[in-house]
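Step one of this worksheet: look at the structure below.
The values are calculated or read from the model by the stated rules, or taken from the named source; none is laboratory data. Nothing here was measured: the structure is a model prediction, and the numbers come from that model. Virtual Cβ from ideal backbone geometry, glycine too; neighbours counted across all protein chains shown. For accessibility, only protein heavy atoms count, side chains too; no ligands or nucleic acids. Shrake-Rupley method; radii C 1.70, N 1.55, O 1.52, S 1.80 Å.
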Amino acid sequence: MLKMVAAAALVVSAVLTAPAAHAVPDVPDFVTIDVVTVNGSGCPAGTAAVAAADDRTAFTVTYSDYLAQAGQGSSPTDFRKNCQLNIRVTYPQGFTFGIAQADYRGFVHLQAGATSTEKGNYYFQGMSQGASRSHNFSGPKSDNWQATDRAQVSEIVYAPCGEVRHLNINTELRVNAGSSKAASFMTMDSTDSSVSTKYQFSWKRC
């Protein structure tokens, strides 16, 4: 069940477990996901919803007001919107994790000459090292869009073993109207991430 979340509040806590008989090697027996805060112009209070998968494999963030736009009818600040999720992941000692993949989707309407960008930035609290991916789109285009951020195994940044570090996921949408005065826009409809080893969140033993 999706749970509506508010900015700067503890919004959802899900304990994901699997029967011991079906435990996967090198994956924790339980995972707790706490979305601590949701902040940004792309996710005002009450406009994001979070659901966690019962099998420990995924959590989904769905947005209802994540829209960047430029051109006719837009304000000077509408061209860029962002949303930062602060997430606490709790799991048994002896494991650590990092982001290997995240999937994004939405709708884009770009006039000829207009461009847009979706960007994802991932880092652990207190660590300078992180990962960032961008995806660019060009007009004319009016269609659904989808983008995947995928890291090679050697590129995955893991949380320090034995330390509690919140995970920050900062997404951003930008629209440039170019020479066109007509409206162009880009929406973010949902964000999917996984806590399995299937090329999304990656677990390893310390």
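Of the strands (runs of 3 or more DSSP E) that lie entirely inside segment 58-130, those containing 1 or more residues that are of a type in the set (A, V, I, L, M, F, W, C), open to solvent by 30 Å² or more (accessible area, probe 1.4 Å) and touching a residue at least 12 places away in the same chain (Cβ under 8 Å) span 67-70, 101-110. If you filter segment 157-206 down to residues that are of a type in the set (D, E, K, R), at pLDDT 85 or above and assigned to a loop (DSSP other than H, G, I, E, B), you find that the one that is farthest from Arg133 (Cα to Cα) is Lys181.
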